[in-house]
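Quick notes on the structure that follows.
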């Protein structure tokens, strides 16, 4: 079940680890280092899944998600937050913003790819507007 996955992450160590793990399991990884690059790459490449950090320079993950959900060609692509936000209520806030899933950092290398593949198996999201955060 190899897939094209867009990884939007500004931390070089996280970028390297996540892309290594996904590629080791046969996935093709597209890389963007901020939300603006991620949005441009998503529009050009139409990935099957997007993994996004939330706090990034230029454009954060929340703003990128709003643009993705407003784009008829992208709004059905699942977008998963991969974030260090782990305070009480953060996961709820992320999901209410319109993300399709939440994976907390630091990731667990032994289980990470399985978590990502579960979102791929779930298929495309139901198209529609996201709730306001």
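Over all directions, the projected convex hull of the C-alpha atoms in the chain averages 7.2 nm² in area. Going from the residue with the fewest nearby Cβ atoms within 10 Å to the one with the most, 77, 18 rank 77, 18. Computed packing ranks the peptides 94-106, 30-42 as 30-42, 94-106, most packed first, by mean other Cβ atoms within 10 Å. In this simple spin-label approximation, residue 72 and residue 90 carry label points 7 Å from Cα along the Cα→Cβ vector, and these lie 3.7 nm apart.
The stretch between residue 105 and residue 13, if pulled fully straight at 0.36 nm per residue, gains 31.9 nm over its current Cα-Cα span.
No value in this document is a laboratory result; all are computed from the given coordinates. On a predicted model such as this, the values are computed, not experimentally measured, just so you know. For neighbour counting, all protein chains shown are included, and Cβ atoms are generated from backbone atoms with ideal geometry for every residue, glycine included.
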